[in-house]
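**Q** Please see the structure below; I have some questions.
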Amino acid sequence: MVDPLVMVIVACEVGFWVVLGLGLFARYVLRMRRVGGVLLVCTPLVDVVLLVATVLDLGNGGEAKSAHGLAAIYLGVSVAFGHSMLRWADQRFAHRFAGGPPPWRPPKRGRARVRYEWREWGKFALAWAVTGAVIGLLVLVAGDPERTQALWGQMGGMTVVGLVWLVGWPVYHSVKERGE
């Protein structure tokens, strides 16, 4: 049987993209800019639903599982990357359906590429910090560190991802730029 919290996480991910898609569709295809704007502003409500579901599950005595940690990661990534994901989708929709300019592309090389890579990794660092804060909140809500051991394991995996990203992109491009 599928964990109910996993179903909530999947529903929130799907919900985010549905609300985003409806907002962009209303804004550019139906030319209802105000309705589209309201829908786009509502995308963070999906995160609130996930946070409430996770807190309620642990607050009602549920044992922390990897799904709770996954919810924390989802929230951290959403906070850190949500705005840029909205901008990314908005640029493509505007270009495709409203004659907008071609979407922005990251620089291919040079100092601009190095700045871009550090900025993107900085977003990851923010996601990591928000994830840690959410896990801390969940530990407090549960009130029992033994029931929440699984949560901290998620931070280890996320740290490994961050270190690989750090070395593979910002550090690599920084060294490459200095060598050219």
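The values are calculated or read from the model by the stated rules, or taken from the named source; none is laboratory data. Model, not experiment: these values are computed from the prediction. Because the Cβ atoms are built from the backbone with ideal geometry, glycine has one as well, and the counts that use them run over all protein chains shown. Remember, those area values only see protein heavy atoms, side chains included, never the ligands or the DNA or RNA. Shrake-Rupley method; radii C 1.70, N 1.55, O 1.52, S 1.80 Å.
**Q** Carbon and sulfur together cover what percent of the accessible area of the chain at a 1.4 Å probe radius?
**A** It is 69 percent, rounded to a whole number.
**Q** Rounded if a/c is under 1.5, else prolate if a/b is larger than b/c, else oblate: which is the chain, with a ≥ b ≥ c the root eigenvalues of its Cα gyration tensor?
**A** Cα axes put the chain in the oblate bin.
**Q** Something else about it: For the chain, give the magnitude of the charge dipole about the Cα centre (Cβ charges: +1 Lys/Arg, -1 Asp/Glu; no others), in debye to the nearest 20.
**A** 1360 debye
**Q** Percent relative contact order of the chain, based on C-alpha pairs within less than 8 angstrom and at least six residues apart?
**A** With pairs under 8 Å counted, the relative contact order is 24 percent.
**Q** State, to one decimal in nm, how far the label point of Glu177 lies from the label point of Ser84, with both points 7 Å from Cα in the Cβ direction.
**A** About 1.4 nm, to one decimal.
**Q** So which helices of the chain fit the span-like rule, where a helix is a whole DSSP H run, its Cα atoms reach 18 Å or more along the axis, and its mean Kyte-Doolittle is at least 1.6?
**A** The qualifying helices are 4-24, 43-59.
**Q** Taking only protein heavy atoms into account and a 1.4 Å probe, give the accessible area per residue of the chain in Å².
**A** Value for the chain: 59 Å² per residue.
**Q** Given the DSSP H assignment, sum -39500 (n - 2.57) over each helix run of at least 4 residues in the chain and divide by its residue total; what's the result at 222 nm in deg cm²/dmol, nearest 500?
**A** Taken over the chain, the calculation gives -26500 deg cm²/dmol.
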